[in-house]
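Asks: Quick one: this structure, given as structure tokens, is what I'll be asking you about.
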Amino acid sequence: MVVDNGSSDHSAQVARDAGARVVFVDGGGIPAASAAGYDAASYDVIARLDADCLPGPAWLERIEAAFAAHPDAVAVTGGAHFIDGPKRLRQPLAAFYLGAYFGTVYLALAHIPLFGSNFALRRDAWESVSGAVHRGDAFVHDDMDLSLHLGPKRRIRYIRGLGMGISMRPLFDASGFATRIRRGFHSLTIHWPHEFPWLRWARRLRR
């Protein structure tokens with residue numbers, strides 16, 4: 001399934017010609033588009049990736065195996081590697097980019113966050129939080145917001161080997177990168193004070 005959130009090219013038709021179901025969302029940005037896709041999904045597991053991602057041929061099989069190996073997990077996520085940009089910089093910059101994201105957000109949430117370009121969640125987990133996520137706030141970092149609502153009571157697992165090819169483009173757009181950081185802070189602070197990091201850590205330790 002492909003969610004079309006106001007594309008200006010022929011993406012929707014290309015997807016439809018390839019046999020994909022296309023869901024149209026008029027406005028609302030990424031949070032609205034993501035939520036609409038999850039709502040429309042009809043299977044027990046919902047896998048998510050972005051339009052510029054390149055999954056490996058065994059990506060879905062690895063997701064299935066991860067859920068089978070970790071029945072306690074409501075969602076699984078993984079890392080990524082850059083598929084464009086200077087070849088010598090791809091590995092170190094991916095390590096920096098993803099390490100900074102997972103490290104800082106882990107401290108803020110008290111658990112592993114979802115990485116929006118590479119994750120899957122159980123449908124019943126989505127249904128349990130679908131009314132609480134901020135799907136109407138276009139400035140929200142939707143995967144961070146979803147992570148915050150899922151945990152720490154529910155378990156998110158990081159799966160090594162669940163790799164995903166992504167574009168290095170965000171690192172070469174200073175304005176866009178700054179906007180990503182602001183969106184991240186916004187996604188956290190709209191949940192405060194009830195979801196202050198130390199309160200989430202306390203709830204996790206009690207669990």
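Asks: Only residues in segment 8-29 that are farther than 17 Å from residue 41 by Cβ count as the first member; pair them with residues that are assigned to a loop (DSSP other than H, G, I, E, B), Cβ under 6 angstrom, at least 6 apart or cross-chain, and list the lot.
Replies: Once the first residue is farther than 17 Å from residue 41 by Cβ and sits in segment 8-29, its partners that are assigned to a loop (DSSP other than H, G, I, E, B) give 28/138; 29/138.
Asks: If you don't mind, there's one more thing I want to ask. For the subset of segment 100-118 comprising residues that are under 15 Å from residue 170 (Cβ atoms) and without any contact (Cβ under 8 Å) to a residue 24 or more places away in the chain, which member is surrounded by the fewest Cβ atoms within 10 Å (Cβ to Cβ)?
Replies: That would be 100.
Asks: Of all residues in segment 76-94, count the ones that are within 19 Å of residue 60 (Cα to Cα) and among the hydrophobic types (A, V, I, L, M, F, W, C).
Replies: 2
Asks: For residue 157, all conditions in the list (1) free of Cβ contacts under 8 Å to residues at least 40 places away in the same chain; (2) not in a loop (DSSP other than H, G, I, E, B) hold save one; what is the number of the exception?
Replies: (1)
Asks: If you go through segment 97-117 one residue at a time, do you hit one that is in contact with a Cys (Cβ under 7 Å, 6 or more places away or on another chain), not aliphatic (A, V, I, L, M) and not in a strand (DSSP E or B)?
Replies: Yes, that holds for at least one residue.
Asks: Answer yes or no: is there a residue in segment 157-164 that is in contact with a Lys or Arg (Cβ under 8 Å, 6 or more places away or on another chain) and buried (at least 17 other Cβ atoms within 10 Å of the Cβ).
Replies: Within segment 157-164, the subset in contact with a Lys or Arg (Cβ under 8 Å, 6 or more places away or on another chain) is 159, 161-162.
Now restrict to residues that are buried (at least 17 other Cβ atoms within 10 Å of the Cβ): 159, 162.
Checked against the condition, which is being in contact with a Lys or Arg (Cβ under 8 Å, 6 or more places away or on another chain) and buried (at least 17 other Cβ atoms within 10 Å of the Cβ), segment 157-164 yields at least one hit.
Asks: Looking at 62, 90 in this structure, which one is more than 19 Å from residue 152 (Cβ to Cβ), touching a His at 6+ places or on another chain (Cβ under 8 Å) and charged (D, E, K, R)?
Replies: 90
Asks: A further question on this structure: List every residue pair whose Cβ atoms lie under 8 Å apart, where the two residues are 6 or more positions apart in sequence or sit on different chains, the first residue falls within segment 173-200 and is in the same structural domain as residue 113 (by TED's automatic domain parsing), and the second residue, located anywhere, is among the β-branched types (Val, Ile, Thr).
Replies: Once the first residue is in the same structural domain as residue 113 (by TED's automatic domain parsing) and sits in segment 173-200, its partners that are among the β-branched types (Val, Ile, Thr) give 183/140; 184/105; 186/140; 187/140; 190/140.
Asks: Go through segment 1-37 and give me each residue that's touching an Asp or Glu at 6+ places or on another chain (Cβ under 6 Å) and surrounded by fewer than 18 Cβ atoms within 10 Å (Cβ to Cβ).
Replies: Hits for segment 1-37 are 12, 22, 24.
Asks: Pull up segment 63-96, narrow it to residues that are charged (D, E, K, R) and either part of a loop (DSSP other than H, G, I, E, B) or in contact with a Ser or Thr (Cβ under 7 Å, 6 or more places away or on another chain) (or both), then point me to the one that is surrounded by the most Cβ atoms within 10 Å (Cβ to Cβ).
Replies: Pass one, segment 63-96, residues charged (D, E, K, R): 64, 72, 84, 87-88, 90.
Then drop every residue that is not either part of a loop (DSSP other than H, G, I, E, B) or in contact with a Ser or Thr (Cβ under 7 Å, 6 or more places away or on another chain) (or both), which leaves 72, 84.
Numbers: 72: 8, 84: 14.
So the residue we want is 84.
Asks: What pairs come out if I take residues in segment 119-142 that are over 17 Å from residue 182 (Cα atoms) and pair them with residues that are of a type in the set (D, E, K, R) whose C-beta lies under 6 Å away, six or more apart or interchain?
Replies: 119/48; 123/44; 133/145
Asks: Given (1) without any contact (Cβ under 8 Å) to a residue 60 or more places away in the chain; (2) over 14 Å from the mean Cα position of the chain (by Cα), where does residue 39 come up short, assuming only one miss?
Replies: Every condition holds for residue 39 apart from (1).
Let's see how each residue does on (1) assigned to a loop (DSSP other than H, G, I, E, B); (2) within 25 Å of residue 129 (Cβ to Cβ); (3) at pLDDT 90 or above:
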site	(1), (2), (3)
9	yes, no, no
12	no, no, no
23	no, yes, yes
26	yes, yes, no
32	no, yes, yes
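The values are calculated or read from the model by the stated rules, or taken from the named source; none is laboratory data. All values reported here derive from a predicted model rather than from experimental measurement. A quick note on method: Cβ atoms are made from the backbone with ideal geometry, for glycine too, and the neighbour counts reach across all protein chains shown.
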